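The values are calculated or read from the model by the stated rules, or taken from the named source; none is laboratory data. For clarity, every value in this text was computed on a predicted model and none was experimentally measured. Reconstructed Cβ throughout: ideal geometry from the backbone, glycine too, with neighbour counts over all protein chains shown.
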Amino acid sequence: MNTADVAIIGGGAIGAACARAAALRGLAVAIFEPGPEPAAASPASAGMLAPQIEPADDALVALSVRARDLYEPLAPALRETTGIDIGFWRSGIAAVAFDEPDAARLKEEVARQRQAGLRCDWLEADEVRERWPGAAPECQGALFAPEDGALDPQALTRACLADARRVGAALHPEPVEALQLAQGRVTGVVAAGGTTSVEHAVLAAGVWSPQLRGLPRALPVEPLRGQMAATAWPDGCPPSILYHDQGYVLARGGAAVLGSTMERAGYDAHVTNEGLAQVFRGAVRLLPALLAQAVQRVWAGLRPATPDGLPILGRDPDVERLWYATGHGRNGILLAALTGEIIADLLTKGATDVDIGPLGVERFNLTPSP
């Protein structure tokens, strides 16, 4: 029988970051990742690091800013140990206002963030046009978060997996089918290749997390489809990240990444004409020069969402040594590195200095898993 200190169930950005952090702390790690899944959230993500642009529940804001700032040292560290550049780009993000109510709301948000000690600016319409010629001609101004940015989510996942394996983690290219429990604690994980005896199990399988057999409770994680597209970045437009009402345009290399919808479509990760039309309408409003660009590709992914929009992070209250790192919704890439550190602290010390109290699975009134 195979053995490991910890099984990481899922090898997307969250699972890869958990595996890396746990392996760097000296644990014997087994990563269970069946391979490329077209519907998975990580490869479909734009990779925005935008805690100040998509302000969430107060419980998430401080966590998200801390998570974003972790990438400043992590990006060069991963490049040094793996040779992989994760495309970390901290050029700021502009949330554009297209009418007076929008502008008033964003100005209030600027004031609130500055009061909280965050760097945040209000740009008048002429300042927006000066910084980004050709962008958002109808705009009434923009909230600008200079410390927000983006990275390449696929490169992040590859780099974290490579670094985990460099320090001894074993990659099993198969899904975990069931947990093995005995006397109220995790004892192993069951996959097609057999059972692996483990001390701990970390559930980081995104939208597929609720499907694991043997869970002590039904997990309220559901897929939200996000449709996206890419074109060439228009000549003469400075690279930027522009945002409005959950839609965005993001420069990556010579491409423009356009997104994104938020749809309840079950596990269907197909693109639709309606969804893509919504994406293009929003993107062209932000950057009209995109109208002249040919579409290079379209795709969709499934984000793991919870009823309150917060991730499920931490221990199971009933089953010892079962840990959750799932339900990150639109914030999976942003929170990946910090989630890895939190889980590794919990695995090795049983505690973390990050306040994850509001993120526990017990906040939901959950029925036992069938």
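Being small (G, A, S) and under 23 Å from L181 (Cβ atoms) is the filter here; which residues of region 313-343 pass it?
As a first pass, look at region 313-343 and keep what is small (G, A, S): 314, 325, 327, 329, 332, 336-337, 340.
Selection gives G314, A325, G327.
Across region 180-193, the qualifying residues are those that are small (G, A, S) and modelled with pLDDT of 95 or more, and the one among them that is farthest from F32 (Cα to Cα) is G184. Taking residues in region 63-82 that are at negative phi and at pLDDT 95 or above, and partners anywhere that are assigned to a helix (DSSP H, G or I) and surrounded by fewer than 15 Cβ atoms within 10 Å (Cβ to Cβ), the pairs with Cβ atoms closer than 8 Å and at least 6 places apart or on different chains are T81/R166; T82/R166. Scanning region 128-140 turns up no residue that is surrounded by 13 or more Cβ atoms within 10 Å (Cβ to Cβ), touching a residue at least 40 places away in the same chain (Cβ under 8 Å) and within 24 Å of V61 (Cβ to Cβ). Put simply, of G206, G134, G141 the only residue that is at pLDDT 95 or above, at positive phi and in the same structural domain as A97 (by TED's automatic domain parsing) is G141. The residues listed here are R114, R158, R165; of these, the one that is in a helix (DSSP H, G or I) and in contact with a Cys (Cβ under 8 Å, 6 or more places away or on another chain) is R114. The residue of region 263-319 that is surrounded by the fewest Cβ atoms within 10 Å (Cβ to Cβ), among those that are in contact with an Asp or Glu (Cβ under 8 Å, 6 or more places away or on another chain) and among the basic types (K, R), is R264. Counting only strands (runs of 3 or more DSSP E) that fall entirely inside region 282-370 and contain at least 3 residues that are under 23 Å from L151 (Cβ atoms), the qualifying elements are 295-305.
Filtering region 336-353 to residues that are surrounded by 19 or more Cβ atoms within 10 Å (Cβ to Cβ) and over 16 Å from the mean Cα position of the chain (by Cα) leaves A344, L346, L347. On the basis of being modelled with pLDDT under 95, on the phi > 0 side of the Ramachandran plot and among the small types (G, A, S), does G35 make the cut? Spelling it out, G35 is indeed modelled with pLDDT under 95, on the phi > 0 side of the Ramachandran plot and among the small types (G, A, S).
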